[in-house]
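The values are calculated or read from the model by the stated rules, or taken from the named source; none is laboratory data. Computed from a prediction, not measured in an experiment: that's the story for all the values here. No Cβ is skipped: glycine too gets one built from the backbone with ideal geometry, and neighbour counts run over all protein chains shown. Remember, those area values only see protein heavy atoms, side chains included, never the ligands or the DNA or RNA. Shrake-Rupley method; radii C 1.70, N 1.55, O 1.52, S 1.80 Å.
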Amino acid sequence: NDHEIAASKQALAKGVKGPVAAYAQMMIDQHTENRKKTSALNPENAAPDADGQRKKSERALAMLNDKSGDVYSKAYVAAMVKDHTEALATLDGKLIPAAGRAEVRTHLAVTREHVANHLAQAKQLNGAAN
């Protein structure tokens, strides 16, 4: 959630336009809501996997920050395709199977639906941008 929020705020600050700007705002809104719901489940934020993901996200944001204009817009959308593809794989291969509590499994299943939708929308934007 944090990476998508930060990347999308960066995208808006970089002046992305039209459908990409609408996507970025949707990412901020929906990932902020999901972050609240996730936090209510008391996740282990200091886990090694979480720390590794944070560091990876920081590097990706720095790479995006060096770009501007249409190049930035295309790179942002490509990053959203990549990030959401990886998130689906993590949800399906690791998080959902490991969820021990019913409320966590339910939250992750709903999260998975949102991530799949975000991925489909990013792929559509990616196709339109190329």
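The residue that is farthest from Asn126 (Cα to Cα), among those in region 97-111 that are open to solvent by less than 60 Å² (accessible area, probe 1.4 Å) and part of a helix (DSSP H, G or I), is Ala102. Give the residues of region 65-92 that are assigned to a helix (DSSP H, G or I) and among the basic types (Lys, Arg), sorted by residue number. Of everything in region 65-92, those that are assigned to a helix (DSSP H, G or I) and among the basic types (Lys, Arg) turn out to be Lys74, Lys82.
Matching residues to (1) in contact (Cβ under 8 Å) with a residue 12 or more places away in the chain; (2) farther than 17 Å from Gln30 by Cα:
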{"position": "Lys55", "(1), (2)": "no, yes"}
{"position": "Glu58", "(1), (2)": "no, yes"}
{"position": "Tyr72", "(1), (2)": "yes, yes"}
{"position": "Leu88", "(1), (2)": "yes, no"}
{"position": "Gly93", "(1), (2)": "no, yes"}
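Just give me the residues in region 60-96 being loosely packed, with under 13 Cβ neighbours inside 10 Å and over 26 Å from Leu108 (Cβ atoms), in sequence order. Those that are loosely packed, with under 13 Cβ neighbours inside 10 Å and over 26 Å from Leu108 (Cβ atoms): Ala62, Met63, Asp66, Ser68, Gly69, Asp70, Val71. Residues that are open to solvent by 20 Å² or more (accessible area, probe 1.4 Å), part of a helix (DSSP H, G or I) and either within 11 Å of His118 (Cβ to Cβ) or out of contact with any Leu (no Cβ under 9 Å at 6 or more places or on another chain) (or both) within region 17-34 comprise Gly18, Ala22, Met26, Asp29, Gln30, Thr32, Glu33, Asn34, listed in sequence order.
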